[in-house]
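Working notes for the structure below.
The values are calculated or read from the model by the stated rules, or taken from the named source; none is laboratory data. Quantities reported herein were computed from a predicted structural model and do not represent experimental measurements. Positions of Cβ are backbone-derived with ideal geometry, glycine not excepted, and every protein chain shown enters the neighbour counts.
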Amino acid sequence: MKNFVQRAIQKIDQLDNKQIVDILRSQADEVEMLESVLESMQDGVILTDEKLLILYANSHCRTLVPMARLRSYEGLPLARVLEDEQVLRYILLCVQQAGEDEHNEFTFQKGDSVQTIAIQVFTYKSSSIRSRSSFVIMFSDVTEHNANEARLRRSENLASMTTMAAGVAHEIKNPLAAMQIHLQLLKKAFVRKHSLTIDDAQRYIDVLEEEISRLNGIVVDFLFAVRPMDTRLRLGQLNRTIEEVCAFVEPELQEHRVQVNRDLCTSLPRIEFDEHLVKQALLNLIKNAMNAMEGGGRLTVQSRLDGNLVLVRVVDTGIGMDERTQQKIFEPYFTTKASGTGLGLTVVYKIMKEHKGDISVKSKLGEGTTFTLAFPVPKSERLALDQTTTTEGRYEA
Ligand code: ADP
Ligand code: MG
């Protein structure tokens with residue numbers, strides 16, 4: 001249709017009046033059809049010229065954003081019609097192409113409920129001679145969509161809470177049973193002897209104390225794993241945090257005959273991370289590595305830049321894991337240790353999710369294990385990255 005009209009315009013001096021009237025009619029029909037399409041949409045649509053004079057507005061607009069009560073908006077400046085300053089400011093920013101990072105959802109009170117409206121602004125460049133830009137402004141009601149997403153997140157959390165709670169119930173059974181047995185033994189010994197010396201009672205008390213501390217560990221770990229994390233992401237240099245963690249654990253590792261290697265990339269961009277949480281994650285991984293190297297070994301902590309990711313690897317030369325174990329290690333309460341809680345890696349996984357990052361594992365029985373944490377590099381830092389960056393550079397601390 002567009003091509004037909006373009007061709008007709010080129011030959012306009014060769015057309016007679018009737019032909020021109022026919023073309024105009026067909027154009028009017030097309031405009032009418034487009035208008036009825038725009039009217040039938042759930043979204044609000046406003047079309048303006050480059051000076052933000054309204055060329056067209058469908059009738060849904062006024063139900064979505066506050067607008068002046070007028071019969072028609074055509075020919076009026078957008079600023080006179082839109083009655084919400086923030087919305088107007090956002091649209092102006094978009095039009096000046098500075099609004100990329102602006103929030104494009106706005107909330108409005110509507111009767112008893114709150115409505116969330118997403119706003120998008122598109123630039124339309126006309127192909128006609130004037131080649132001016134016009135703008136299409138779309139308003140969509142995303143209240144229901146957002147509510148559904150929140151519901152989904154809540155039910156995911158609830159599901160993992162239930163798994164965790166079931167795990168806790170299972171975990172506390174053993175220490176409670178041990179305590180019950182030892183209390184009964186203590187009672188029997190007391191009945192038998194009538195009076196007990198501290199030496200008689202000591203072995204029962206020891207077990208009770210040990211089990212109480214185990215219970216405490218289970219509850220503290222559980223709370224840490226289910227509690228919403230108070231994550232404070234700040235832009236910073238991850239190498240520094242890795243250094244601090246290594247310095248902190250080195251004496252204990254040396255005592256266990258584990259040698260610590262640092263292998264840090266010199267040209268890491270800054271990333272957004274919560275220092276406290278990342279330290280916690282690294283400590284959990286290093287503690288597991290130490291447990292896997294009973295007779296000593298080598299622990300390597302590595303940082304690398306890989307595309308838009310900063311990778312941190314914790315590599316050990318310990319006992320390793322078979323495939324089946326590897327598939328289960330991030331599940332809450334999965335442990336192969338007599339006194340393990342099985343929550344260490346669950347917490348690391350959760351911390352990486354808070355950073356919009358990821359964790360992966362590679363392991364071979366009898367040879368060792370590598371855990372890799374991947375952190376996204378923020379957009380602002382990607383631009384600052386030197387093109388010639390080598391990912392194999394070493395970091396001098
Ligand atoms: P826990 O340390 O309390 O057992 P984790 O969640 O930290 O709980 O680890 C779960 C399991 O994953 C461990 O019991 C162990 O079997 C396995 N695992 C974790 N890290 C390593 C490692 N570096 N080498 C070998 N096995 C590991
Ligand atoms: Mg652990």
With respect to Met138, determine if the residue is closer than 30 Å to Cys94 by Cβ and touching a residue at least 40 places away in the same chain (Cβ under 8 Å). yes
Looking only at the range 365-397, how many residues end up being assigned to a loop (DSSP other than H, G, I, E, B) and either in contact with a Gly (Cβ under 8 Å, 6 or more places away or on another chain) or at pLDDT 95 or above (or both)? 3
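Just need a number here: residues in the range 257-268 that are buried (at least 21 other Cβ atoms within 10 Å of the Cβ) and more than 16 Å from ligand 2 (Cβ to nearest atom).
First pass over the range 257-268, keeping only residues buried (at least 21 other Cβ atoms within 10 Å of the Cβ): 258, 264-265, 268.
Subset that is more than 16 Å from ligand 2 (Cβ to nearest atom): 264-265, 268.
The total comes to 3.
Residue under question is Tyr333, and the condition is that it be more than 8 Å from ligand 1 (Cβ to nearest atom) and in contact (Cβ under 8 Å) with a residue 60 or more places away in the chain; does it hold? Outline the logic, then answer.
Details: more than 8 Å from ligand 1 (Cβ to nearest atom): yes; in contact (Cβ under 8 Å) with a residue 60 or more places away in the chain: yes.
Judged against the criteria, Tyr333 is a match.
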For the structure I just gave you, tell me whether Val348 is in a helix (DSSP H, G or I), among the aliphatic types (A, V, I, L, M), surrounded by 13 or more Cβ atoms within 10 Å (Cβ to Cβ) and within 11 Å of ligand 1 (Cβ to nearest atom). yes
Which residues, taken from the range 187-232, are surrounded by fewer than 14 Cβ atoms within 10 Å (Cβ to Cβ) and basic (Lys, Arg)? Lys187, Lys188, Arg192, Lys193, Arg203, Arg227, Arg232
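Does any residue of the range 151-159 turn out to be at pLDDT below 85 and more than 21 Å from Pro332 (Cβ to Cβ)?
Looking only at the range 151-159, we keep the residues that are at pLDDT below 85, and these are 151-159.
Filter once more, keeping what is more than 21 Å from Pro332 (Cβ to Cβ): 151.
There is at least one residue in the range 151-159 that is at pLDDT below 85 and more than 21 Å from Pro332 (Cβ to Cβ).
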Picked from the range 308-323 (must be under 15 Å from Ser360 (Cβ atoms) and not in a strand (DSSP E or B)), the residue nearest to ligand 1 (Cβ to nearest atom) is Met321
Complete set of residues in the range 297-330 that are touching a Gly at 6+ places or on another chain (Cβ under 8 Å), within 16 Å of ligand 2 (Cβ to nearest atom) and not β-branched (Val, Ile, Thr): Asp316, Gly318, Gly320
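Which residue, of Gln254, Gln280, is more than 16 Å from ligand 2 (Cβ to nearest atom), surrounded by fewer than 20 Cβ atoms within 10 Å (Cβ to Cβ) and in a helix (DSSP H, G or I)? Even if it seems obvious, please write down each step before you answer.
Details: Gln280 fails: more than 16 Å from ligand 2 (Cβ to nearest atom).
From the options Gln254, Gln280, the qualifying one is Gln254.
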List every residue pair whose Cβ atoms lie under 7 Å apart, where the two residues are 6 or more positions apart in sequence or sit on different chains, the first residue falls within the range 193-217 and is in contact (Cβ under 8 Å) with a residue 60 or more places away in the chain, and the second residue, located anywhere, is of a type in the set (S, T, N, Q) and surrounded by 14 or more Cβ atoms within 10 Å (Cβ to Cβ). Gly217/Thr341
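Hey, can you tell me all the residues within the range 360-370 that are of a type outside the set (Lys, Arg), out of contact with any Lys or Arg (no Cβ under 8 Å at 6 or more places or on another chain) and either within 11 Å of ligand 1 (Cβ to nearest atom) or touching a residue at least 40 places away in the same chain (Cβ under 8 Å) (or both)? Lay out the reasoning, then the answer.
Just the residues of the range 360-370 that are of a type outside the set (Lys, Arg), to begin with: 360-361, 363, 365-370.
Checking which are out of contact with any Lys or Arg (no Cβ under 8 Å at 6 or more places or on another chain) leaves us with 360-361, 363, 365-368.
Across the range 360-370, the qualifying residues are Val361, Ser363, Leu365, Gly366, Glu367, Gly368.
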When you look at Gly297, is it more than 10 Å from ligand 1 (Cβ to nearest atom), at positive phi and in the same structural domain as Phe273 (by TED's automatic domain parsing), yes or no? yes
